[in-house]
Each structure stands twice: as C-alpha cells, then as structure tokens.
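The values are calculated or read from the model by the stated rules, or taken from the named source; none is laboratory data. As the structure is a computational prediction, the values presented were derived from the model and not from experiment. Because the Cβ atoms are built from the backbone with ideal geometry, glycine has one as well, and the counts that use them run over all protein chains shown.
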Amino acid sequence: MRTVRAGVRSFSELKLTRKLGVVLIGALALSSCNPTFGAYRGATTQGKDIFSLYQGFWYTAIGVAIVTFGALLFVVIKFRRKNDAIPVQRHSNVPIEVIYTVIPAVIVAVLFFFTVKVENRVTAVSAAPNLRVKITAFQWGWRFTYPNGASVVSQGANYPQMVLPVGETTTVTLVSQDVVHGFYIPEFNFSRYALPGFTNYFDLNPTKVGTFIGRCSALCGLYHSEMLFSVRVVTPTQFQTWLSQQKAATA
Amino acid sequence: MRLMSQSVVVPEGSQVAPFGFNRPSMLGVGTIVWLSSEVMFFSGLFAAFFTLRANSTGPWPPAGIKLDVLQSGVFTFILLMSSVTMQKAVYEVEHHRRKSAIKWITITILMGASFVTNQAIEWTHVAFAPSTNSFGSLFFVMTGLHGLHVILGLVAMLFLIGRMAGRTQDPGEIAVVQSLSYYWHFVDIVWVALYSVLFLVH
Amino acid sequence: MTIAAESKTIEHGGASHNGEPTGMYKWLTSTDHKVIGKSYMYTSLVFLLIAGSMAMIIRAQLMSPNGHVVSQQMYNELFTIHGSIMLYLFAGPFAFGGFANFILPLQIGAPDMAFPRLNALSYWLYLTGGTTMLLGFFTAGGAAAFGWVAYAPLSSYTNAPGPGPDLWIIAIALTGFSGIFTAVNLVTTAFYLRAPGLTMFRMPIFTWSMVVTGMLILIAFPILTAAMIMLYCDRHLGTHFFTVSGGGSPVMWQNLFWFFGHPEVYILALPYFGMVSEIVPVFSRKPVFGYKGLVFATLAIAALSTGVWAHHMYTTGTVLLPFFSALSLLIAVPTGIKVFTWIGTMWGGNISFKTPMLFVIGFIVTFVMGGMTGVMLASPPIDFAVHDTYFVVAHFHQVLAGTAIFAGFAGFYYWYPKLTGRMLRESLGKLQFWMAFIAFNLTFIPQYLAGLRGMPRRVPVYLVQDHVTFLNQLSSVGAFVTFLSFVVWLVNLWVSWKKPIAAGDNPWDGHTLEWGTSSPPPHHNFTSLPPIRSQRPVWDANHPEHADHLNHELPKKEAIRR
Ligand code: HEA
Ligand code: HEA
Ligand code: CUA
Ligand SMILES: [Cu+2]
C-alpha cells in the first residue's frame, strides 16, 4: 500500500519537473553537437529547411521516448511480482489522465506549427525563377528540357544528367508520360510524384556544387529500380556554357 | 441497449419472445448495420462521380450525352411508390394478415421489375457506351450496381413469398419482412440520389 | 439473399446446433463461433507462414546489391503478394476473424454469434479469397506485381496484363465481403447478445475494440470494393475511371484506395490494442487504468483515421497538406492515451512476466518506436525526404508486426489455454520472445537508416554507392533469425500437443467472462454465468474482498487514497 502511494506521487512529480528538465537539457546538449540522425543535411535551401525540421522531430521523439520508455522501465522493474499480494485496485486517476492527454496534444500542436512553417517555405514556387526545367518521366527514364530547347534523355546505358546552377532558383515542371513515377534526389531531401495528367511545380535552390544521385521512388513496373539519373550542380557561368553546348548537341 | 440485451440471452431450444413493432429484431439490427456499409459503398461511387466531374475540362456531361429525364422520372416515381407498397406489406404481416402481405409484396416485385426492365431498355438505347468517356463509365457502373441491388432485392422477395406461401405459421417472418423492407427503402433512396445526380443536376 | 436465409437464427435465438458432428465433417460444416474462430486463426497463421517465407526470399535477394535469387518480375510479385497476404489474409483475419470470433461471444456471455451461418460464410469467403490470391502465381503472366496499393495506371490492363492481377482483384473483393460480414456479425452480437447486467460500459476493452474495428470496416471496406469494381471495369470494359484519356483521373485511385487504406491500418491495429488491454490488467492484477479514457481513445482513433488518408499522398502535390498533417499528428494523442493507460495499469501492480506479458512489453516498445517515426512521416516536409523509401518500410513493419506479431502472439499465448485446454511451455515461449524481439528489431531498425541514405522501396537491386549493403545484410540476418523464432513456437505447439499440461478453467487468474467457463468452453459456452456487476465479473467472483463494485460502495476511501 505504502509503496503504491509513493509511486503515484513520484509519478506526477517526475512528470512535471524532473523528466521535462531532462528532456530540455538533453535536447540542448544534442542540438549543440548537431547530429544528423542518419539523414542528409540537404544540398538545397529547401532540403536544409527539411533537415532542421527533421532534427526538431528527433529531439521531440527522444524526449517522448525518455518519458515513455523511462516510465515503462520503471514499472517493469519496480512492480515485478515478488509475492502473491493483491495490489490496490485503482481504476482511474483523472488528473494524471488529463496530463497525459494534454501534454501530447501540446507537443503535437508545436510540431504542427513548425511543420506548416517549413512546408510553406518548401512548397513555395517563385514567380520569377532564374531557370525553368521541364522534367518528363517515362518507363523507364527521364527527359530534362531546358527553356532554350536543349534536352537530355537517357542514352543507351548512360543515365541522364540534369545540370543546375548553384545559388539560383530553378522551377521544375514535372509530368509523367505513362504511369506514376517519383522524382527523388536523396541528398536534396526531396521527392515529388510525376503524375500522368497532372503537372507538378516546385523550386530547387541548390547550395552545393557537386553530383548527386537521383532516382525514381514510386513503383513503376519492371525496371523501376533502374530508373536512375544524376544531378550535377555547377556555378552559373559553367551552367551557361553547358546550356549552349547542350543546345548545339540537341539541334 | 440494456433492454434489448436483457431479453435475448436465450436458453437452448427456446424461442425469442415475439417482439413489438417498434423494437428492431436481431435480424433488423444486423440489416441496418450492414446497410451502413452499403451507404459507404455508394458514397464511394458518388465520390468518384464528383471527382471526375471536377476533373473534366469540357462541359459536363460531355457533348453527345443525352438522357431521357422524363421516362426515367416516371420509373423513379414507380420505384419510390414500391417503397410504399413494401411498407404496406410490413404493416399487414405485423398484423398477421399473411395473405394480404404476400399480395403487397407481389405488387412490390412487379413495380421493381418494371423499373429494372426500363433500366435495361434505357441501357440499349442511349447513344453512348461505358468506354465513350468518364460520364459514360460512371453512368453504366452506377446504374448497373444499383440495378444489381434491385435485382437482389427482387430475388430475396421471391424467396420470401415462397417461404410465406408454404407455411401456416412462421414466427420469424415478421423480422424477415421488416428487414427486407429496410433494404428496399435503402435501394429506393439511393436511386433518388442517383437520379438527381445523373439525370437532373449532372 | 442472406436476409432471407438468416431467418433460422431468429427462430432459435442466435444459436442452433443440435446433434454435434465430429471430426473433419465438424470443421467443414460447423457454425459454432469457436470452431470458426479457430479455423480463422490457423488459416491465417498458415498465410503468415506463406507471406513470411516470401519475406525471406525478399531478404535473401537484398543480401547483396545485385542479388540473383529471383528475377525482377518475380521480386515485384513477391512483395506485392507478401504485403497483400500480411494485411488482408493474416493480420486482419488473425485478430478480427480468429480472436474476435472465439473470444467476443464468450466475453459478453453470449451462446454464439448473432448470425452463425453468416459467420461460416465469412470464413469460406476468406479461404476462397486467399486461395484465389495465391493462384495468381500459377498463371502464365504471374501474380499481381503492382504493390499492395495497385496504383493506377500501373494496374491498368496495358501495364499489368494477364489473369494474375484479376485474381488479385477478385481475392481482395472476396476477403472484403468476408470482413464486412464478420463486422456486421460482431457489431450485432455486441449490441444484441450481451448477458444481463453487461452494459455497454462494462464491456471489456477487447470487445469495445472489436466493435469499433467493425465500424471502421463498415466504413472503409465498401470504398475498397467500389474502387476494385471500377478498376476491374477499367481493365475489361474499357471504362475511364483511372485513365487520363476519356477524362479519368489516376490520382482518384489513390484517394479511394487510401480512404480505405489508412483506416485499414487501424483496422489491423485496434484489435491488437484490445488484446493488450486485456492482458496487461490480468498480469498486473489490477483493473485496466482509465477505462473510459481507453474507450474514448479507441473511438477517437477510429474517427480521426477516416480523415487522414492523404498523408500517403503528400508527394503527389494534389492534397491539402496542413489539413492532413494536422489530423495525422493528432492521432498521436489518443494512441498515446492507450500507451499511457497500459503503463498506468502496470503502475502499482504486481506484475508477473509470463510469456504473454513479455510479448506485450515487446509490442509496446516496438510500437512506440514505429509510432514516433509515423509522427515524422505525418509532417509533409519530412515525408518529402523519405517517402517511398525504406524509412517508410521500417515504420510500418514496426507498427504492423509490432501489433500483429508481438501483440498477436501475446494474445495467442494468453488465450491458447482457453482455446485448447492445454498450456504452452513457458521456457520455449520466453525463448521465442527474446529471439523474435531481438531479431525483429535487427531486421527493421537498419532499414530506417537505409531509407535515410536514399534506398527506395520495391527495388530488387540497389547501388553500391549508397552504402546500404551492410545495413541490408544486418536486416536479412535479422529476418532469418525471426524465422527461426517461429520454429521455436512450432516446437512449443508440438510439445504441448504431445505432452499436454491441463490448463484448468482460469490459469492466469483472468478477469473477464471467458475465464468463467471451462477450457475449452462447452457447446453453448456457459452452463451458468456469474453475476455481472462490473467490467470484471470473474475477478469479482474469485476475489470478493477486492471486487470492483466494493469500490463504488466506499467512495470515501477511494477519495482518501487519491
Ligand atoms: C498498424 C498499422 C499502422 C499504424 C498503427 C500506423 C500509425 C501511424 N502512421 Fe503509418 N503506415 C502504415 C501502418 C500503420 N501506421 C503502413 C502499412 C504504411 C505504408 C503503406 C504503404 O505505403 O505501403 C504507413 C505509412 C504511413 C505514412 C505515409 C508514409 C509515406 O508513404 O510516405 C504516414 C504519414 O503520415 C504514416 C503516419 C502514421 C502516424 C502518424 C501514425 C500514428 O498513429 C502513430 C501514433 C503513435 C505514437 C505517436 C506512439 C505512441 C504515443 C505516445 C507515446 C504519445 C506521445 C507522442 C507524441 C506527443 C508524438 N504512416
Ligand atoms: C502485418 C504485416 C507484415 C508483416 C508481419 C511483415 C513481416 C515481414 N516483412 Fe513485410 N511488408 C508488409 C507487411 C508485413 N510484413 C507490407 C504491407 C509491405 C509492402 C508491400 C508493398 O510494397 O506493396 C511489406 C514489404 C516488405 C519489404 C519491402 C519490399 C520492398 O519494398 O522491396 C520487406 C523487405 O525487407 C519486408 C520484409 C519483412 C520481413 C523480413 C518480415 C518478417 O517479420 C516476417 C516474419 C514471419 C515469418 C518468418 C513467418 C513465420 C512462420 C510461421 C508463423 C509458421 C506458421 C506455421 C504454421 C501454422 C504451420 N516486407
Ligand atoms: Cu519510375 Cu519507378
Ligand atoms: Cu496512413
């Protein structure tokens, strides 16, 4: 009886003070060393935004896990059967029930707030982008068409390469010719479906020069796994050179 | 809820006490629960209708689609009236007038059958096919699935008549007639919705 | 049709079996809910074996970046049918066809289900549907290969010709009808056949979960049926529901499918939550904590789950992101209530860690991990980064197998004595648990990392440059050990069969009515019922000095304690 009562009291105390403190301190400690939690940091402004949101969700998840698994571990150790006694037959405790309903609701509201903030930035489409690229997905390849008529498609065993200028805004127009495909660049932390009969628009602002793997993420038939491409991010001047060369090649 | 549960734990071999007119039988409850899933089934079809309508770029229904609003309207009315005759059958059987109930069910069958017949005629006379465009697809699949429900109800009624005609006493039949009437009313209401969507407002 | 045919049950008050047949004939013709429940359970376990074996082939193929275990086409067929079997033929029927059928009438003190013959029909539809799905492998073009979600237009006749996909569609329709009929039956039974004194708010949480699951089935499955009919018409009648030409809309398939598909995942989860809510109190020797809160949470999950379907479609660019992410995130609240009530039930209890309880703990740990990553997926920007990668695969295996396998086996170990009158061996049970728990997490935690490195789902080969080879090998090894853990379970069954230990009526000191009858229960379940004055009639009868209704008579004492 005594231990039970003590247990209940310490639960609410812990809940309100110590554990929250642990969560906050833990989160601070973690954010100072800026872990990736397995994800890419993002090679576009959009991807970076997504990455920091992802980190925020992880801090929350760790906090929730500490409380939940901590409580679970505590009961499993503390209340394991030692004798044949029958414990107090408690049916409910309204204050505690309210606490464990309200706190998650608040956490979720905060998560939603940041989600919407990042979401609006990531899905924003610029009215005056520096470049527009039309991407057509088909079974099982990609066609990247540039405003000057230059276009890149897969050739033989070579996967097609999309070239983008660093530090500039590119608006992508994404369509599919047949089934649903997924335009996915892991290091950009971004993917979007290419749908038949519906056009998708989104912006990419690469921040890093380099070559990145891109692939189709949506199951699209037999050679889905081989529907690869790459993205080469170059400086704007290099990009202009490439574009005129490509135009000549296309023509 | 409590009242119901009290009366229904049934010792083996005994029979359920005869139920009042206002309390649904177990079969009735089951039917209503099942009909709620039927509501969702047709909701799916209506959702498809409104999605494709919103999706269409040209006029809706597409050019070349003509339907006989008046003729179908007449048979809509007949189907609606068959709900009344069905309800009359329920009333009769609840008052243990089985002969009369059989008569009213027969009338209901005839009205339902005339509706299905008209549907079949209409299908062969419209100037479009399921493959013409999305409206054609919707029209045939929605009316077809509804027609299937009507036919199912008619078959059930035929079986019911067979059962009622063969016996002199049948304590279960009230529940069956009631439950079938729920189904029939449901099928009628769905048709009214279908008629307004496919024929009137498009 | 069923309406007219069902009339017999009225005449005989819900259950009528005179002159009980035996043996094979009994299994084929029985309308006894206990026989049907067991048939469901064993059939679904065989489907688990089949789908699990497919998973082993999948994992073997992914051991190396360019595996050659199966062809690409075969691989696509394998994961499609693996997913379809696991969801439609194992996880759902195991709980909702098996446990619910067997336990629910017992828990509410009913002699049988409301419509016993409809119940038998459900089982046969299920078995026919399941067989139909497997038949796809024996057709010339092979089984369906478009994923369990069958996205249009990949599922059109041009892209997926042959009878395999048609068999898949028919199989889903048949199991769908089976599920709807079972739902009608269970909901009616719970409304109509409760024993005197068993009010709605005295129904055990397990029964509540099944009722709510039944309602969700009635909401979700018909939409799937409608969608399947449209798909079939598109394939064979040239209609234009999902084809762009002719005014159809491929995205409409996704909307219809996920309107079903998301509730479906809770249709799979809620019954197992119900089992856990039965097991935790019994092994903690306490009533379930916050009963009303649990009921409310179950209803809230069901309600919310009908409004979140488009979180599977964030990357289509066609859906209202804030709305769907808000509702998806909100589901964490009632689900959290459940987790915390389980912990609250254990709190202050006197917990014994028998095999069922171990599986429950394994379930909670796995499920909360999967739930947390679910919350990440519910945020559209994060989903943009990991949609259709192994991150999602890891998420849904943790929640799905966490429920269907860990909670499911908790239920199996818990109710096996009631089913058979025998006990399973604790030592083998604990061995199975620890093997399964460690191996399972070894399988799926590396998959989160693989997904974050950019490994997409549904690929038979992957790139060496992605640095996911080692992760995949860990995962495959885990999968193979998981398989071995099930062998331990089979040994356990075999031992209990060969050297039976009698269970007695109530080996766990259970609380609810099913423990108030013999094991296995007699033909019409009860020879007599204990008085029902609370949610725990059997506990009240066995522990009169701690009976639930005493607490209500002593409000002051309760107040002081609080
Ligand atoms: C049993 C099945 C099950 C369950 C219960 C869940 C639970 C959840 N799922 Fe999952 N999901 C699936 C099965 C399931 N899922 C499947 C099969 C797919 C893939 C389908 C396919 O594409 O093939 C999928 C995919 C999927 C997606 C799409 C991903 C994609 O394709 O890109 C999303 C996105 O929102 C999602 C979200 C969620 C959320 C928010 C929950 C929530 O319900 C989780 C809630 C639980 C918790 C949060 C843990 C406990 C709570 C607490 C301890 C309280 C405190 C917590 C907080 C305050 C955060 N799921
Ligand atoms: C309840 C659901 C469930 C369960 C339990 C599992 C269990 C497992 N799954 Fe599955 N899986 C899905 C649902 C499930 N899966 C779904 C929905 C998909 C998506 C499909 C799609 O993309 O369309 C998927 C996809 C999927 C993939 C991704 C394929 C891809 O995208 O390319 C992988 C890869 O590793 C995988 C692996 C596994 C493994 C190793 C297990 C293991 O845990 C399995 C362990 C089980 C066994 C080893 C069987 C045990 C044996 C017995 C019980 C014996 C019984 C015997 C008698 C009664 C005689 N699954
Ligand atoms: Cu294109 Cu997968
Ligand atoms: Cu979902």
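The figures follow:
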{"item": "Number of the condition not met by C:Leu256 [criteria: (1) under 30 Å from C:Ile532 (Cα atoms); (2) within 11 Å of another protein chain (Cβ to nearest Cβ); (3) hydrophobic (A, V, I, L, M, F, W, C)]", "result": "(1)"}
{"item": "Selection from segment A:214-227 of residues that are under 17 Å from the mean Cα position of the chain (by Cα) and more than 16 Å from ligand 1 (Cβ to nearest atom)", "result": "A:Gly214"}
{"item": "Scan of segment C:390-400 for residues that are touching a Phe, Trp or Tyr at 6+ places or on another chain (Cβ under 9 Å) and either within 16 Å of ligand 4 (Cβ to nearest atom) or without any contact (Cβ under 8 Å) to a residue 24 or more places away in the chain (or both), ordered by number", "result": "C:Phe391, C:Val393, C:Ala394, C:His395, C:His397, C:Gln398, C:Val399"}
{"item": "Complete set of residues in segment A:52-95 that are over 30 Å from C:Phe384 (Cα atoms), within 7 Å of chain C (Cβ to nearest Cβ), touching a residue at least 12 places away in the same chain (Cβ under 8 Å) and part of a helix (DSSP H, G or I)", "result": "A:Ala71"}
{"item": "Qualifying positions in segment C:218-248 - touching a Cys at 6+ places or on another chain (Cβ under 8 Å) and polar (S, T, N, Q)", "result": "C:Thr239"}
{"item": "Residue among B:Ala120, B:Ala113, B:Ala129 that is within 14 Å of chain C (Cβ to nearest Cβ) and at negative phi", "result": "B:Ala129"}
{"item": "Of all residues in segment A:159-204 being of a type in the set (A, V, I, L, M, F, W, C) and outside any strand (DSSP E or B), the one that is farthest from the chain's Cα centre (by Cα)", "result": "A:Val179"}
{"item": "Single residue of segment C:271-292 satisfying the filter (aromatic (Phe, Trp, Tyr) and closer than 22 Å to C:Ala404 by Cβ) that is nearest to the other protein chains (Cβ to nearest Cβ)", "result": "C:Phe283"}
{"item": "Single residue of C:Val288, C:Val295, C:Val251 found to be outside any helix (DSSP H, G or I) and in contact (Cβ under 8 Å) with a residue 24 or more places away in the chain", "result": "C:Val288"}
{"item": "Selection within segment A:121-151 - of a type in the set (S, T, N, Q) and either within 16 Å of ligand 4 (Cβ to nearest atom) or in a helix (DSSP H, G or I) (or both)", "result": "A:Thr123"}
{"item": "Selection status of C:Val69, touching a residue at least 12 places away in the same chain (Cβ under 8 Å) and away from ligand 3 (no atom under 16 Å from the Cβ)", "result": "yes"}
{"item": "From the options C:His523, C:His549, C:His511, residue that is within 14 Å of chain A (Cβ to nearest Cβ) and assigned to a loop (DSSP other than H, G, I, E, B)", "result": "C:His511"}
{"item": "Among the candidates B:Val141, B:Val176, residue that is within 14 Å of chain C (Cβ to nearest Cβ), crowded, with 19+ Cβ neighbours inside 10 Å and within 30 Å of B:Val69 (Cβ to Cβ)", "result": "B:Val141"}
{"item": "C:Gly141 vs. criteria small (Gly, Ala, Ser) and more than 16 Å from ligand 2 (Cβ to nearest atom)", "result": "yes"}
{"item": "Subset of segment C:88-114 (residues that are within 14 Å of chain B (Cβ to nearest Cβ) and among the small types (Gly, Ala, Ser))", "result": "C:Gly109, C:Ala110, C:Ala114"}
{"item": "Which numbered condition A:Thr173 fails, given (1) under 27 Å from C:Ser155 (Cα atoms); (2) touching a Pro at 6+ places or on another chain (Cβ under 9 Å); (3) β-branched (Val, Ile, Thr)", "result": "(2)"}
{"item": "Residue list for segment A:114-141, restricted to those being among the aromatic types (Phe, Trp, Tyr) and at pLDDT 95 or above", "result": "A:Phe114"}
{"item": "Filter result for the condition that a residue is within 7 Å of chain C (Cβ to nearest Cβ) and either free of Cβ contacts under 8 Å to residues at least 40 places away in the same chain or more than 16 Å from ligand 2 (Cβ to nearest atom) (or both), over A:Ser154, A:Ser191", "result": "A:Ser191"}
